[in-house]
1. Which one of these is open to solvent by 10 Å² or more (accessible area, probe 1.4 Å), farther than 13 Å from S604 by Cα and at pLDDT below 90: Q367, Q336?
2. What number goes with the only condition from (1) farther than 25 Å from S580 by Cα; (2) within 11 Å of the ligand (Cβ to nearest atom); (3) outside any loop (DSSP other than H, G, I, E, B); (4) touching a residue at least 40 places away in the same chain (Cβ under 8 Å) that E353 does not pass?
3. Kindly state which strands (runs of 3 or more DSSP E) lie completely within the stretch 513-608 and contain at least 2 residues that are open to solvent by less than 80 Å² (accessible area, probe 1.4 Å) and modelled with pLDDT under 95.
4. Test V394 against the criterion of being within 12 Å of the ligand (Cβ to nearest atom) and among the β-branched types (V, I, T), and give yes or no.
5. Every residue in the stretch 208-223 that is farther than 20 Å from V8 by Cβ and in contact with an Asp or Glu (Cβ under 8 Å, 6 or more places away or on another chain), please.
6. Condition test on Q409, is it at pLDDT below 95, part of a helix (DSSP H, G or I) and not small (G, A, S)?
7. Mind telling me which of the residues E490, E444, E483, E437 ends up being over 20 Å from N534 (Cβ atoms), buried (at least 17 other Cβ atoms within 10 Å of the Cβ) and within 16 Å of the ligand (Cβ to nearest atom)?
8. Give the residues of the stretch 372-388 that are more than 13 Å from the ligand (Cβ to nearest atom) and either modelled with pLDDT under 90 or surrounded by fewer than 24 Cβ atoms within 10 Å (Cβ to Cβ) (or both), sorted by residue number.
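The values are calculated or read from the model by the stated rules, or taken from the named source; none is laboratory data. Keep in mind the model is a prediction, meaning the values are calculated, not measured. Every residue, glycine among them, receives a Cβ derived from its backbone with ideal geometry; neighbour counts consider all protein chains shown. Ligands, DNA and RNA are excluded from the accessible area calculation, which covers all protein heavy atoms including side chains. Shrake-Rupley method; radii C 1.70, N 1.55, O 1.52, S 1.80 Å.
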Amino acid sequence: MCGIVGYVGEKNAQDFLVSGLKRLEYRGYDSAGIVTLGADGEATLVRAKGKISNLEEKLAGAKRNDTIGIGHTRWATHGEPSERNAHPHQAGPIYLVHNGIIENYKELKKALKDFDFKSETDSEVLAALIESFYGEGKYPLANAVVQALKLVKGTYGIAVVSVLKPDEIVVARSGSPLVIGIGHDETLIASDASALLGHTKQAIYLNDGEVATVTEKSVEIKTLNAEPVSAKVEEIETNLAAIQKGGYEHFLLKEIMEQPDSLTETLRGRMNLEDGVVHLGGPGLSEAELRKIKHLVIVGCGTAYHAGLLAGYYIEKFTPEITVEAVIASEYRYRQAYIPEDSVALIVSQSGETADTLACLREIKKQGVKTIGIVNAIGSTIAREVDGGTYVHVGPEISVASTKAFTSQVIAMVMFGLTIAQAKGVKSGILKPYVSEIARMPEEIRKVLDEVRGEVEKIAGKYTKYEHGIYLGRDVAYPTAMEGALKLKEISYVDANAYAFGELKHGPLALIDDRFFEMALLPDGELYDKAVSNVQEVLARGGHIIAATNVDKFDLPVETVVKITTDIELFAPILMNLVSQLFAYYMTIAKGYDVDQPRNLAKSVTVE
Ligand code: AGP
């Protein structure tokens, strides 16, 4: 997630801007930049790709005593990480930094045909749009900002300065947080309060649809409709770690709980609910190319592999005459697997740097197969080497255990499958239930998280005595069970494995005794009765079963039931996976292990 800082006051602006950006590094970024304005109106713009230390090196040669400026750390969404795509962006006398996504930037850019764009970013378009209303300073900067924002669709948190008025910063937000720090003879801006700690404890949290003009000693807030807003000054949370984790104790819990918002970002601008159609521009495949696809290979490791397996189950259900094969990258790269004509390979990776997945990508490309990335980290190696792709836009996933990326990877791949089905002429009656459920998933996830979180925390404490767990599911609940088992084993070190319910009698049933607990994922639907008889097999052998289910009248005599109240049917397993995520989290807490940095593991496995 990008970071914004701003300063206007009596001290050296560069000092605060750099130290403030360092406080925001935890949010993940790939480039950084600042601009400061001299009283004479001279602007000093310094930007650098990579770490803030690269920016500091460049600043050493551009030391200024300016007392106003803005800065930014960029998590690329449009345009790869580079200096020219880094913020601040300049448009004539103004400079802008931006967090968020301007969905309609392409049409806005078309209307700014006289502007000499230097970058590929949506943010530069916003800077140019503001300048087009600024009239070389004839109008107040805040007015030009308001005029421009009224044309914008998407999300933004912005800070804007002008060399023609080097004593004020204009800030605005819609969907991307901004906080104004009230200091002594200085006013500070940041995208989260962690950058303000040590400078002030007084802050004004801007609300969506508000625009503020700040100077050394004043803050004036209005709505986009020019209604004055009385500023509410609040006490800042002083615990830095707590702020960086969004108030949660660990990044893992923060990332589990932010899945409604992260999935919303994945879906943003990619669905048209009126006609029940999805639009995935990234893969860059024509209708004819989509229609021709007969075979999908989905490549990933760990959670990314599970996401591919689960998405494959769904794609087979609504796309006719297509075969889907999800494979573990570290195995596939050494198989001599023949990939038939009319195949496409989906390369799934949160980090975009996983060595085995990258190696697979390169092997598959040698066979001339079209590769599509399902990646989170923009500009990562995999993202740059695939032929096309869809970014999942979940923001940085800090905790080693992947959670929000999994949910968005599955949905993004299902949406890719829907674009294939649409191109193949599959009846909208078949596809619409998937599209409408996907659109409802963010809110359903929010509801389920609120419904089960406290309950799962209580249950987890009762199951810490087990060193072995078996996760069970049928059909789409089986890859989901695999993902749940991985979550538990990788952070609580409990030996957890997943089996298809139907496989129990082919061996795993022999395991059932008091050393084991069982997590049974039991979605309602045509296979529920089959799963019930499997549950009874386990019960007959004294199994200690936790059932996660959305079945209304669930009455099996299991030890524990986690009821999910939802009318989501097709994607119910994704909601059940929330139980597994929270169960793994609270089991680990109960055991006292490191939730975010489990032993022996790295967030991105960049070696074989
Ligand atoms: C999942 O919780 C693990 N951290 C791990 O299995 C991970 O999914 C795997 O290493 C793949 O990482 P990637 O998505 O960044 O390629």
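1. Just a single option satisfies the conditions, and that option is Q336.
2. The single condition E353 does not satisfy is (3).
3. In the stretch 513-608, no matching strands (runs of 3 or more DSSP E) lie anywhere.
4. Numbers: within 12 Å of the ligand (Cβ to nearest atom): yes; among the β-branched types (V, I, T): yes.
It is true that V394 is within 12 Å of the ligand (Cβ to nearest atom) and among the β-branched types (V, I, T).
5. If we filter the stretch 208-223 for residues that are farther than 20 Å from V8 by Cβ, which is where we start, we get 208-209, 223.
T223, the sole residue that qualifies.
6. Taking the combined requirement at face value, the residue does not satisfy it.
7. The unique qualifying residue is E490.
8. Hits for the stretch 372-388 are I378, G379, R384, E385, D387, G388.
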